[in-house]
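The values are calculated or read from the model by the stated rules, or taken from the named source; none is laboratory data. Note that the coordinates shown come from a computational prediction; the quantities given were computed from them, not determined experimentally. Cβ sites come from the backbone with ideal geometry, for glycine too, and all protein chains shown count toward neighbours. Remember, those area values only see protein heavy atoms, side chains included, never the ligands or the DNA or RNA. Shrake-Rupley method; radii C 1.70, N 1.55, O 1.52, S 1.80 Å.
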Amino acid sequence: MISKKTAQILEYDVILRMLGEKTVSASGRALAESLMPTAGREEAKRLMEETKEAETLLTRLTAHPVSSFDEPEGELKRLATGASLSCFELLRVNTVFKAAQRTKKAVAQEGEGTLSAMAKKLFFEEHSMREIDECIIGENELADTASGELYNIRKKIRRENEFIREKLQSIIKSGELSKQLQDAIVTQRNGRYVVPVKTEYKGALPGIVHAQSASGATLFVEPMSVVEANNRISELISREAEEIARILARLSDGVRPYIRDIEADVTILAYLDLVFAKAALGLAMKAVPAVFGGDHGIRINDGRHPLISAEQVIPISIFTDEEIHSLMITGPNTGGKTVTLKMVGLFALMAQSGMYLPAHIGVKMPVFDDVFADIGDEQSIEQSLSTFSSHMKNIIYILRHAGKKSLVLLDEVGAGTEPQEGGAIAMAVLTALSGQGATILATTHYSELKAFAMRTAGFENASMEFDPVALQPTYRLLIGVAGQSNAMLIAKRLGLPGEVLQAAQGFLTSEHTAMNDLLANAENTRQKAQGELERARVMMEDAARIEQEAAERERRQEEKYNKILEDARSKALDIVTEARDESEEMIKAAKKLKKMDESGRTKETEKIRRTLDSRKEVLSATLQKTRRKGVKIDPAGLKLGDSVHIVSMDADGTVIGLPNAKGQVQVQAGIMKIDIHISDLETPEKKQEKKYQRTSSVHLVQRSVGLSIDLHGQAVDDAQLLLDKYLDDAFLSGLSEVTVIHGRGTGVLKNGVRGYLKTHPHVKSFRSGAYGEGGDGVTVVTLK
């Protein structure tokens, strides 16, 4: 899909090295640095979904789910031949088991995605893992406890060594031999303990001479008293080696049956390492996943070239679709044209490799079969090729191989030769590539190619913005705008003499001048539109803020009302409960009245009445808080079937009987029919209308409204309809005073108009026309 040359031009290999640095294993790094984009749409989607799953796991888990492991390829081959592995080799095999155990525990239990399914296939043999950990304590050392036999052998070796050291220490500390020894030390020669004896005292210490110093002044003698002990040590060391070999063979036999499982583990772990590296790189870049769309549509929102530092990179947005699939990008040198081409090409390769793209959310990319790039000055001295020749060789290759699902990136297409011929060749090449269905991004300085993009189907102009005041590019890409030449402006600002500039202007063709003027006008129009768009955006933000504040006030008011209502109801319940208890007491007191004389009964009855009146006042005040703000019922206007609200019951009902002489009204509330006094009735509460209508956009409507309206000859009803619409439009247009022409006539139309103005919500006041305004034949209206 991508040649090595294209990868180097777009610096895809640098991205792969960055990806490799995020892996934790040599196997994962090797996969990362050899990663190639896929050309299959479904495969690209699968790779992107895997990266999404890995990102979710990375943010959820406390540690990286894949631990470092070795790829024991040589060790597995040795196991397959029946050989035993060394301590170092067994430790390498064990890293695979440990990585499989950790990754399976971390990933397999986190959902049912692709990575979880892969992790569930990982294998580890716990018994072998535990044995290797217990038996091997270093790359070349077994633990004493690796077996009982090894423990006993090493114990005996230590005991014999201790015996020999004590013997030799007694020899070197002996006063008789101190003059005969070269040094009072114990050393080893050929694996046996010896002492250094001066050559002239060769026979003074009975024993075996094992070596002589280079100067010949010292002999290394093994005293006869320790020869047997040294012999026993040599025998024990041989037995130790045999036991170590036996233990390593046992450990090797423990993992030998799982050669295929270990190979599969390495494959799965390396791939998971790669996928998690993609997610880690995406997080480091603050990147987002791409969505794969049609064959040509590219949507990049504020894309950032991943190889430019975050402090220096300027975001670029690019949009193409199935109809406009090719962009002709113009702009000043060092304005960002080449960076834009490389970013789009690099994004295509990264997305189709399952990598996130450093941009705002919403990136959409096609899935390309091939990516071709002719970028940069590739003049070759060795091949005696000019810049133009080198570009032509690349373009000829691209023309032969590009197709409908190809992305073609051409930098300064047609450059390097005479402008007229170069422009003609460029237009022919672009036409051919467009006919082959390729998606094209090309840069140029030629005005002919700007005009070509304007009139050719499938092409669109774009330009890198230039600040004429600061005389520097802004690095923003403007879609739909052909950039104008800034050479004259820059030359003037830098001090080129006026007569030279004037002469240069004279050499320009009229077509070139007209094109620059057209581009300048287009840029001015774009800037004005951008300003209007910004103002509209500010208005939308203000409207949204006001709407939010209003909604918040409404919410707080509702909460306050509900709190008051709840408190009042609670208080009423407490009062009713207390009244019930006191009623019980009063009943008991009433029973006592029978036993009292007349005077006592009168006093007790008065006391009970005062208590009831007090409770009634408290309950009435509490219920008053819970009452809605309704309107009292007018007995004269009450009709059968009217809806009413019963205040004392806090319930709605329907009138089924009109008020009698005592003011009692028969009302049906649910299944109950009750007689209730009209003073306890109110109009039912209406549904509260929404005060604020939520909206997601602000529409700015500009109306053209005259300062007067002529209603001559209209019937009163028709005139009022026309007048209503006119007053609405005048109010929305911000007019403060308008004139209504109705004539004098019989006065019917005048009276109808003025009667209507009295009730209109936009009218502040009105008067008859003054002298010179039309007199009584017009009405001058002042709007609110």
- line: Result of the Cβ filter at 7 Å on segment 8-26, keeping first residues that are more than 15 Å from residue 36 (Cα to Cα) and partners that are in a helix (DSSP H, G or I) and open to solvent by 50 Å² or more (accessible area, probe 1.4 Å), at least 6 apart or interchain, is 23/29
- line: Filtering segment 306-344 for residues that are closer than 29 Å to residue 427 by Cβ, touching a residue at least 12 places away in the same chain (Cβ under 8 Å), out of contact with any Pro (no Cβ under 8 Å at 6 or more places or on another chain) and not aliphatic (A, V, I, L, M) leaves a count of 13
- line: For residue 307, the lone unmet condition from (1) open to solvent by less than 20 Å² (accessible area, probe 1.4 Å); (2) aliphatic (A, V, I, L, M); (3) closer than 23 Å to residue 6 by Cα is (1)
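For segment 82-174, please list each of the helices (runs of 4 or more DSSP H) lying entirely inside it that holds at least 1 residues being under 20 Å from residue 67 (Cα atoms). It would help to see each step written out before you state the result.
Working: elements: 87-107, 114-120, 126-135, 148-172.
Output list reads 87-107, 114-120, 126-135.
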statement: Checked segment 726-746 for anything within 18 Å of residue 713 (Cα to Cα) and out of contact with any helix residue (DSSP H, G or I) (no Cβ under 9 Å at 6 or more places or on another chain); matches are 726, 739, 746
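To keep it simple, each residue is scored yes or no on (1) of a type in the set (A, V, I, L, M, F, W, C); (2) open to solvent by 10 Å² or more (accessible area, probe 1.4 Å); (3) assigned to a helix (DSSP H, G or I).
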| residue | (1), (2), (3) |
| --- | --- |
| 368 | yes, no, no |
| 408 | yes, no, no |
| 422 | no, no, yes |
| 430 | yes, no, yes |
| 448 | no, yes, yes |
query: Residues in segment 334-350: is at least one open to solvent by less than 20 Å² (accessible area, probe 1.4 Å), closer than 23 Å to residue 482 by Cα, out of contact with any helix residue (DSSP H, G or I) (no Cβ under 7 Å at 6 or more places or on another chain) and among the hydroxyl-bearing types (Ser, Thr, Tyr)?
result: yes
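Filter segment 254-294 for residues that are without any contact (Cβ under 8 Å) to a residue 60 or more places away in the chain and either open to solvent by less than 30 Å² (accessible area, probe 1.4 Å) or closer than 16 Å to residue 73 by Cβ (or both) and give the result.
260, 267
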statement: residue 7 vs (1) part of a loop (DSSP other than H, G, I, E, B); (2) within 30 Å of residue 411 (Cα to Cα); (3) open to solvent by less than 50 Å² (accessible area, probe 1.4 Å): all pass except (1)
Odd one out for residue 205, checked against (1) touching a strand residue (DSSP E or B) at 6+ places or on another chain (Cβ under 9 Å); (2) not in a loop (DSSP other than H, G, I, E, B): (2)
message: Are there strands (runs of 3 or more DSSP E) fully within segment 710-783 with at least 2 residues that are open to solvent by less than 40 Å² (accessible area, probe 1.4 Å), at pLDDT 85 or above and in contact with a strand residue (DSSP E or B) (Cβ under 8 Å, 6 or more places away or on another chain)? List them.
response: 737-741, 778-783
Cβ pairs under 7 Å, 6+ apart, first in segment 127-138 and free of Cβ contacts under 8 Å to residues at least 40 places away in the same chain and within 15 Å of residue 96 (Cβ to Cβ), second in a helix (DSSP H, G or I) and open to solvent by 40 Å² or more (accessible area, probe 1.4 Å): 129/98
task: Take segment 187-204 and flag every residue that is within 17 Å of residue 165 (Cβ to Cβ) and modelled with pLDDT of 80 or more.
output: 187, 188, 189, 192, 193, 194, 195, 196
- request: Determine the pairs where a residue that is modelled with pLDDT of 85 or more and open to solvent by less than 70 Å² (accessible area, probe 1.4 Å), located within segment 208-236, has a partner that is in a helix (DSSP H, G or I) and among the aromatic types (Phe, Trp, Tyr) with Cβ atoms under 7 Å apart, the partner being 6 or more residues away or on another chain.
  value: 229/163
